[in-house]
Amino acid sequence: MAWFRAASSAARLTIKRNLVQSGTYVRRTRVTPLQDRCFHTTVFRSKAQSSTAPVPRPVPLSRLTDSFLDGTSSVYLEELQRAWEADPNSVDESWDNFFRNFVGQAATSPGISGQTIQESMRLLLLVRAYQVNGHMKAKLDPLALEEREIPDDLDLALYGFTEADLDREFFLGVWRMSGFLSENRPVQTLRAILTRLEQAYCGSIGYEYMHIADREQCNWLRDKIETPTPRQYNQQRRDVMLDRLIWSTQFENFLATKWTAAKRFGLEGGETLIPGMKEMFDRAADLGVESIVIGMSHRGRLNVLGNVVRKPLRQIFSEFSGGTKPVDEVGLYTGTGDVKYHLGTSYDRPTRGGNRIHLSLVANPSHLEAVDPVVVGKTRAKQYYSNDINRTKNLGVLIHGDGSFAGQGVVYETLHLSALPNYTTGGTIHIVVNNQVAFTTDPRSGRSSQYCTDVAKALNAPIFHVNGDDLEAVVHVCELAADWRQTFHSDVVVDIVCYRRFGHNEIDEPSFTQPQMYKVIRNHPSALEIYKNKLLESGQITQEDIDRMQNKVNNILNEEFINSKDYVPRRRDWLSAYWSGFKSPEQISRVRNTGVKPEILKNVGKAITTLPDSFKPHRAVKKIFEQRAHMIETEEGIDWAVGEALAFATLLVEGNHVRLSGQDVERGTFSHRHSVIHDQETGQQYCPLDHVLLNQNEEMFTVSNSSLSEFGVLGFELGYSMENPNSLVLWEAQFGDFANGAQVIFDQFLSSGEAKWLRQTGLVVLLPHGYDGQGPEHSSARLERFLQMSDDNPYVIPEMEPTLRKQIQECNWQIVNVTTPANYFHVLRRQIHREFRKPLIVMSPKNLLRHKECKSHLSEFDDVKGHPGFDKQGTRFKRLIKDQNNHSNLEEGIRRLVLCSGKVYYELDEERKKANGNDVAICRVEQLCPFPYDLIQRELKRYPNAEVVWCQEEPMNMGAYSYISPRLCTAMKALGRGTMEDVKYVGRAPSAASATGFYVVHVKEQTELVQKAMQSEPINYPY
């Protein structure tokens, strides 16, 4: 069949031209331009050729376009036939098969004796036209408002046939294909052929799959689509579908009756989604799926929560009535809450086939598609923890709107991850609830493509468009989608074309902008009415049966409504099984040490610096690993990359999963990490951290370069981190300022997700930050934005007991700007060695990666008493690093205390040495948020006479100054050390751009600010 895949588009054009010239084709007035006219290369695998047989002359495709059935190609076909007659082995196997059958059938079927080979070719092109464009003729719009022009290539006249030919028998041939052309019925009437094609491709379902290059996948779909018997459901299945549709419909009706003025973003007009999803999940469970992660926006979310995921109806009704905050209870976790149509839940649901399946609906903000990568990441994590190597037990299902699926860039970012080795989940099922309008915007203003789902064609995903009023068609494509996903482990799209009976929300007036549509909708029957009438007409059910079902549903809804009035939320089931024992902010957690035994450090240090003898790395990389081995051996000069690798390795030894992803993270943007090394001769890859343990699971440590995406990949890693607390999940930006491409994830999920939805995450975000003359786009990670979203009170000093850390539990996240490899090691390990989880934002360094002073001794990593890192409580992350000049607890002679954060410390220290500024103390605030009041006050007491200065590289309106100054003032006021005017500022002046683009200007600014911090004169307020 390859030959007409290669030339079918050109063929349609030339057939039309030839038939018009011969007068047998009447041009229609309305023509839809054909799309995707492109050629596929065709390779014929010829059998051994005979020296006596005439060989047809090769004809290039460029000449075939002149005339496919007359002229060149006609001669070509005739020569092929003569060659076959002389020697069947001289032509391609498919042609041999065709001619053999054609001659055989002509001899036994007088009806086709006058048929030409060209007519067979035309019929095959007609079949293909229906497979490619049949969806354009399908009855998809339940409102029948869409006027779609039927493509020319579905018109019989284009192929030279008339009504007089309908009852003629034609020979189609026997091809190596599935579906329509696979049967042993090579001879059929034209009427039978057309009837089959119309049934398969032009009913309530429109199939798009011919863009898929894989022959096996296309054949599989043809077999499912072109099966001659129509969809048949027995009485029991239809009763179940009807019951599910009644639940879906009456749930919305009940809410509309009880809360007429409430926003609920109901599913009216798309109620078949619920039975479709339930049947899809039943089929998926029968095919081995054990867990489904669902993501969706607000439309229909309450219906899915109540009817699919089985959130208690009384709880939903209680939330509609305003709800009550849970009663006081030990360990209660309430947060700020969120509107009812954003919340998630989980449930173990029995299926029709007798299985049980775990469903979890992920909480989602109003940013419609923001949850997509989160769901995919959570699904991938479930596959890792359940050892789902084949990716068949855990499934992600995303429910989209038509406007957002076409318009939101994160949709493509998420689709783009689907086949990447470290991001694939074995296929996601996408369901589009296609209201045919987005809020108030018509499709013609909302997208440039024919369908809202066209973006999925980039992935070779099949797309099933279905009329949302046809319940059985919706169920069929939902089951087909589950079959596809479990068979081919790739994405699939179901586009349920429905409508929105009310406006964007129930108190909106849609007739302002869509008057004609809503005139039709007002008189349009519901999907339930349509299906009830269908069953009543067929005699398969009685009105009494229907009334009984509806009364049962109404009784349950009313009973749950009554119970909702007395509903009191109990302690929230806020954590999944893996999180058992982890503490909420209301439960106090003790601080744990993060030091590691010296022998473990030595052992893992050897593992991460040793390469196989036969491995041939780049000579520069080889030298780096030799230097690293020397660091471990001598215990001196540990740099940033080794400190990070030691943190990862020791966590692996303790049984934790470590995953690092982002753009270019394997080597590192600044060529410092080299976690994956490439053999210069064979190209083979080697990752030392994959060999820390004996027989280590290859995914236990995962480091992966990501696609060039921030929003999608950070969302993925966030979802991944939410599944299991015993994992260190990190995302690194190529440069810190690129993180603003993922601002929605920071704003809606990371900074506020725990407060809104009671879901913890320990995700680590590494944002390279620092002013070294690389210009405005590569200097700042926008530290000020993360600090501005922090929720610690700048005017209240929390209780700061040394062994407890209530402050950090109650804060929404942690923000650090670390200056030593050892402290970086401890802050990463601290993420795991605690009884709760918080996001960690790290302003990671650039030039400190190789700075001669930015080194640590191996003893700073261990847990040995008396070693440099060991303090009163043990070895752990230092929130503040005191001045390194061995000052006593009271230094009255120090005239200035400079507080800073990040790499500017090393420049300040160097300037202090030059200026011989022994009367200046420099302290590093390593943890900016939550603010270390206790340690700041310790330093203020140590230097009672010192002028207090905050020094930063960033402009005054950026960096940490706006966050630090009120908190530093609060700490000083409590000690009687002054007011806001006594907090002095040294740094760049306010600026619109984060940095200058001129290196000379950068050097001048940097020199001035470090010199000012060391100047002998007092610093004026504010600067």
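The values are calculated or read from the model by the stated rules, or taken from the named source; none is laboratory data. Note that the structure is predicted; figures quoted are calculated from it, not measured. Using ideal geometry, Cβ is built from the backbone for each residue, glycine included, and neighbour counts are taken over all protein chains shown. Accessible surface is based on the protein model in full, side chains and every heavy atom, while ligands, DNA and RNA are left aside. Shrake-Rupley method; radii C 1.70, N 1.55, O 1.52, S 1.80 Å.
Relative contact order for region 345-395: what percent, with Cα pairs under 8 Å and sequence separation of 6 or more? Mind dumping the intermediate values first?
Numbers: 37 pairs, mean separation 10.4, N = 51.
Averaging sequence separation for qualifying contacts and normalising by length gives 20 percent for region 345-395.
Which entries of Lys311/Lys457; Lys311/Lys552; Lys139/Lys263; Lys565/Lys806 have Cα-Cα distances beyond 25 Å here? If you can, show how the numbers build up before the last one.
Numbers: Lys311/Lys457 35 Å; Lys311/Lys552 19 Å; Lys139/Lys263 32 Å; Lys565/Lys806 35 Å.
In this structure, Lys311/Lys457; Lys139/Lys263; Lys565/Lys806 lie more than 25 Å apart at Cα.
Label points 7 Å out from Cα along the Cβ direction at Asn957 and Leu975: separation in nm?
Simple spin-label model gives 3.3 nm for this pair.
With r as the distance between the Cβ atoms of Glu599 and Thr803 and R0 = 25 Å, compute the FRET efficiency 1/(1 + (r/R0)^6) and round to 0.05.
Given R0 = 25 Å and the Cβ-Cβ separation, E is 0.40.
Straight-line reach from Lys393: which lysines fall under 18 Å, measuring Cα to Cα and dropping same-chain residues less than 8 apart?
Hits, sequence-local ones excluded: Lys278, Lys378, Lys382.
Return one quarter of the surface area of the convex hull spanned by the alpha-carbon atoms of region 721-863, equal to its mean projected area, in nm².
That works out to 10.2 nm², a quarter of the Cα hull's surface.
In debye, nearest 20, what is the charge dipole magnitude of region 891-931 about its Cα centre with +1 on Lys and Arg Cβ and -1 on Asp and Glu Cβ, if you could check?
100
Specify, per residue and in Å³, the volume enclosed by the convex hull of the alpha carbon atoms belonging to region 384-444.
Measuring per residue, one finds 92 Å³ for the Cα hull of region 384-444.
Taking the C-alpha atoms of region 397-520, how large are the radius of gyration and the largest Cα-Cα span, Dmax, in Å?
15.5, 50
Once you have the Kirkwood Rh of region 576-696 from its Cα pairs, apply Stokes-Einstein at 37 °C and 0.692 mPa s and quote D in µm²/s.
Value of D from the Cα-based Kirkwood radius: 202 µm²/s.
Between His358 and Glu698, what length comes free when the chain is fully extended (0.36 nm per residue of separation minus the Cα-Cα distance, one decimal in nm)?
The span from His358 to Glu698 would gain 119.7 nm if fully extended.
Accessible surface of Asp214 in the full protein assembly, 1.4 angstrom probe, to the nearest 10 Å²?
Per-residue accessible area (Asp214): approximately 70 Å².
Could you give me the radius of gyration and the Dmax of region 223-323, taking only the C-alpha atoms into account and expressing both in angstrom?
16.0, 54
Summing +1 for each Lys or Arg and -1 for each Asp or Glu, what net charge is found among the other residues whose Cβ lies under 9 Å from the Cβ of Ile463?
So the environment of Ile463 carries a net charge of -2.
How many nm separate the modelled label positions at Arg619 and Ala86, each set 7 Å beyond the Cα in the direction of the Cβ?
Taking the two extended label points, one gets 6.4 nm.
With the crude spin-label approximation of a point 7 Å out along Cα→Cβ, what separation in nm comes out for Arg191 versus Asn885?
Placing both labels 7 Å along Cα→Cβ, they lie 10.4 nm apart.
Given R₀ = 60 Å, what would the calculated FRET efficiency be for Lys914 paired with Ile150, taking r from the Cβ atoms and rounding to 0.05? Spell out each step's value before the answer.
Numbers: r = 82 Å, r/R0 = 1.37.
According to the calculation, E is roughly 0.15.
Give, rounded to the nearest 20 debye, the magnitude of the charge dipole that region 783-918 has about its Cα centre when Lys and Arg contribute +1 at Cβ and Asp and Glu contribute -1 at Cβ.
Rounded to the nearest 20 debye, it is 420 debye.
Relative contact order of region 423-539: what whole-number percent is it, with Cα pairs under 8 angstrom and at least 6 residues apart?
Dividing the mean separation by the residue count of region 423-539 yields 35 percent.
Give the peptides 1009-1018, 744-753 in descending order of average Cβ contacts within 10 Å, highest first.
744-753, 1009-1018
For Ser248, Ser204, write out the residues from largest to smallest accessible area, computed with a 1.4 angstrom probe and no ligands counted.
The ordering from most to least exposed comes out as Ser204, Ser248.
Does region 339-420 classify as rounded, prolate or oblate by the C-alpha gyration tensor (a ≥ b ≥ c root eigenvalues; a/c under 1.5 gives rounded; else a/b over b/c gives prolate, otherwise oblate)?
It is oblate, given that a/c is not under 1.5 and a/b is not larger than b/c.
Using a 1.4 angstrom probe on the protein heavy atoms only, line up Glu784, Glu559 by accessible area, largest first.
Glu559, Glu784
May I ask you to compute the full-extension gain from Ile389 to Ala755, defined as 0.36 nm times their residue separation minus their alpha-carbon distance, rounded to one decimal in nm?
That pair, Ile389 and Ala755, stretches by 128.3 nm at full extension.
Which whole-angstrom value gives the distance between the alpha carbon centres of region 186-225 and region 353-379?
Using only Cα atoms to place each centre, the spacing works out to 33 Å.
With the full set of protein chains in place, find how many percent of the accessible area of region 338-483 is carbon and sulfur; take the probe as 1.4 Å.
Whole-percent figure for carbon plus sulfur exposure: 47.
Can you list the lysines whose alpha carbon is less than 16 Å from that of Lys914, not counting same-chain residues fewer than 8 positions off?
Once the sequence-local lysines are set aside, what remains near Lys914 is Lys1012.
With charges set only on the Cβ (+1 for Lys and Arg, -1 for Asp and Glu), what does the dipole of region 387-497 come to about its Cα centre, in debye to the nearest 20?
Numbers: 6 positive and 12 negative charges, 76 e Å.
Taking the Cα centre of region 387-497 as origin, the dipole is about 360 debye.
By accessible area of protein heavy atoms, probe 1.4 Å, what ranking do Thr594, Thr260 get, highest first? Kindly include the intermediate steps, with their values, before the conclusion.
Working: Thr594 0, Thr260 105 Å².
Largest to smallest exposure gives the sequence Thr260, Thr594.
What FRET efficiency do you get for Arg444 and Gln685 if R0 is 51 Å and r is their Cβ-Cβ distance, rounded to the nearest 0.05?
After rounding, the FRET efficiency stands at 0.55.
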